[in-house]
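Here the structure is laid out as C-alpha cells; the discussion comes afterwards.
Values in this text are rule-based calculations from the coordinates and carry no lab data. Since the structure is predicted, the reported quantities are computational estimates derived from the model, not experimental observations. Cβ atoms come from the backbone with ideal geometry, glycine included; neighbour counts cover every protein chain shown.
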Amino acid sequence: MAVLTDARKAFRFLRRTLASRSASRELSRTLASRPALEPGRFRVAVYFADGTVNMYQIRQWYKPLAALSEKWPVVILSRSATAAAALLEESPVPVAYVRTVVALEQTLAEQDIRIVFYVNQNAKNFQMFRYGRMWHVFINHGESDKMYMMTNQFKAYDYSLVAGDAALDRLSRALWDYDLEKRAIPIGRPQADHFSGTLPYTPDGRTVVLYAPTWEGDRASAAYGSVASHGVALVRELLATGRHRVIFRPHPRSGVVDPAYGAAKRSIVAMLDEANRSDPAAHHVYDDGPEIGWQLSAADVAIVDISAMVYDRLATGKPLLITRPADPAAVVDSEGYLTACEWLTADGATSIVAESERLLNDDETLERIDHWSRHYFGDPTPGEATRKFHAAVDGLMVEWEHFAALHAEDADADRARGRSFDSPEADDPDDETD
C-alpha cells in the first residue's frame, strides 16, 4: 500500500513539473508580446506564490482590487508560471511574473510598493517578508471559524484586514501578546459589494439549493469536507423531487488528498448530468467557474461545510445549513456562529427535502442570520465594506509616509552601500511546481 501511495505522489509530482515547464514556455511567449510594466506606477502589490489549484483564493479579490486600483494602482506578484499565465488572462489588474528572488527584487526596485497584500499562508510568503519599508498585510481569502483563522501566523504581518467583531474576538482568544487594536483592522466583506454573474438558467419557481462543500482537508482536525459523507445522499434526494434545482459548487481541491472525495464529486456530477438528460427543464448546475457571488444570492437554501462559504452566505441574509463534520476529530468552533447555526448530519442528509422546507418557513431564521451577519461583518449597507477597505488602505499609506520620513536617512545610507537581500537558496530553478 505504501509503495502504491509513493507511486501516486511521484506521478502527481511529475505531472505538475511537466505542466509547469510547459506553462513556463508558453508564458515566456506571452510576456514577450506584452509591454513591460510602467516603472514607478504601482503602490500596492498582492503577493501570490501559489499555483492554479489555489487561484480561488485570489480570484475573489479581483473586483475589490480593481476598484482600489482606481486610486492606488495594484500589481499582482506571481511566483508560479501556471498561475501567472492564468492571472495574465483573467486578472483585472496588472501582473508581474517573479519566479526568482532576482526577478522579484528587480520588480520591487522598479516600483514604489508601499503595501503588500497576502491572501494565504504559503511558505514562500516568508521570502517576501525580508523586504522592509513596506507594510505586509494579510487579507486572507474569506471569513470563517476554522483553525486557519486564528493561527499564530497572523503575527508575521504588520497588519491584518479582518471582517468584523467575530474575527477580533477569535484572535483575542487565540493569540498571546498581540496588539489587536493596532494590527487588526475590521473592513467587513468587500467582495459582497461585487457579487455578480449571469444565471445559467431561467428562474421558474423551482426551489434552488446551493451545495458548496469544501475539500477533505490535510489533517483530521481540519476534516470539514462533506462530499463523501453527505453529498451523494443529499443530492440524490433533491434530484428525485422534480421541484428542486441543484447548484453544485465543490471546492477546487476536492480529492487532492483523499481519492474517495474525488470519486464522490464525480458521482454527483454524473447524477446531475443524468437528471438534466431526463428533464432538460431542470437545469441543474455543476459550477466550477471562477466567479462567486450569483450562486450565493440566487439560492433559496444553501448547504455548506465549515468554510468561508458559511460566512459569504451569511452576508446574504438567506437560510443556510452547515454540514456537521463526520470525523469526530474535526475541530468545531465553540464560540461563534457555529454555536447557533442549523446543522445537517450525515445521517440527516436523506431528510434534506423536509429540512429545506422547514428553513424556508422558519420566521426565526432571518432574525438569527441578521444578528450574526452584523457580528461577523458589521454594517451590511451596500458599499460600506468597500468604504472601510479603501479607508484602511488610505490609513496605511499615511502611516507609510510617516515612517518613510522618519527613516529617510537610513534609506539613503542603504542605497549608498548598495545593500542587497539576495539569497541564492531561494532561487532554486526547479522550485516552480504548482
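Counting only DSSP beta bridges whose two residues both lie in the chain, roughly 0 percent are antiparallel. Taking 7 Å steps out from each Cα toward its Cβ at Asp363 and Ala281 produces label points 3.4 nm apart.
Set against the labelled values (i) 18.3; (ii) 25.1; (iii) 23.1, mean projected area of the Cα convex hull in nm² computed from this structure falls on (iii). Under the convention that each Lys and Arg Cβ holds +1 and each Asp and Glu Cβ holds -1, the size of the dipole of the range 25-92 around its Cα centre is about 120 debye.
Between the range 359-373 and the range 197-273, how far is it from one alpha carbon centroid to the other, in angstrom? Result: 24 Å between the Cα centres. Taking GluC sites (Glu not before Pro) in DSSP loop conformation with at most 13 other Cβ atoms inside 10 Å as exposed sites, the chain has its longest uninterrupted site-free stretch at 71-334. Taking amide H as placed 1.01 Å from N in the peptide plane, the amide H of Val46 sits under 5 Å from that of Val75, Ile76, Leu77, Phe117, each at least 5 places away or on another chain. Relative contact order for the range 207-377: 28 percent, from Cα pairs under 8 Å spaced at least 6 residues apart, divided by residue count. Here the dipole of the chain is about 980 debye; that uses its Cα centre as origin and unit charges on the Cβ of Lys and Arg (positive) and Asp and Glu (negative). Which pairs in the list Lys71/Lys265; Lys63/Lys124; Lys124/Lys318; Lys155/Lys318 are over 31 Å apart, alpha-carbon to alpha-carbon? With Cα atoms farther than 31 Å apart: Lys71/Lys265; Lys124/Lys318; Lys155/Lys318.
Computed from backbone phi with θ = phi - 60° and the Karplus coefficients 6.51, -1.76 and 1.60, the 3J(HN,Hα) list for the range 128-135 is 7, 5, 4, 8, x, 6, 7, 8 Hz; x is used for glycine and proline. Taking each residue as 0.36 nm, the span from Ala391 to Ala233 lengthens on full extension beyond its C-alpha to C-alpha distance by 52.3 nm.
Each Cα pair under 8 Å and six or more residues apart adds its separation to the average, and for the chain the resulting relative contact order is 18 percent.
Remark: the range 37-43, residue by residue, has Karplus-estimated 3J(HN,Hα) of 5, 5, x, x, 7, 9, 10 Hz, where x stands for each Gly or Pro and the curve is 6.51 cos²θ - 1.76 cosθ + 1.60 at θ = phi - 60°.
With a Förster radius of 25 Å applied to the beta-carbon distance between Ala340 and Phe129, the computed FRET efficiency rounds to 0.10. As a proxy for reagent exposure, Trp372, Trp343 were ordered by neighbouring Cβ count within 10 angstrom, fewest first; the result is Trp343, Trp372.
From helices alone, the chain scores -12500 deg cm²/dmol at 222 nm; the rule is -39500 (n - 2.57) for each run of n ≥ 4 DSSP H residues, then divide by the residue total. Counting other Cβ atoms within 10 Å as a rough exposure proxy, the listed residues Met309, Met149, Met397 run Met397, Met149, Met309 from fewest neighbours to most.
Placing unit charges on the Cβ atoms of the charged side chains and taking the dipole of the chain about its Cα centre, the candidate lying farthest along the positive direction among Ala123, Thr345, Ala156 is Ala123. Charge dipole (Cα centre; +1 on Lys/Arg Cβ, -1 on Asp/Glu Cβ; no other charges) of the range 207-377 amounts to roughly 340 debye.
Amide H of Thr323: which non-local residues (sequence gap of 5 or more, or other chain) have their own amide H closer than 5 Å, using H built in the peptide plane? Placed amide hydrogens put Val304, Asp305, Ile306, Leu344 under 5 Å from Thr323. When each of Val74, Val119 is scored by the number of other beta-carbon atoms lying within 10 Å, the sequence from fewest to most is Val119, Val74.
Taking the 0 to 90 degree range and rounding to the nearest ten, how far is the long axis of helix 232-241 tilted relative to the main principal axis of the chain, both from C-alpha atoms? Helix 232-241 sits roughly 50 degrees off the main axis of the chain.
3J(HN,Hα) couplings calculated from phi for the range 392-407 with the Karplus curve 6.51 cos²θ - 1.76 cosθ + 1.60 (θ = phi - 60°) are, in sequence order, 5, 5, 4, x, 5, 5, 5, 4, 4, 4, 4, 6, 4, 5, 4, 10 Hz; Gly and Pro show x.
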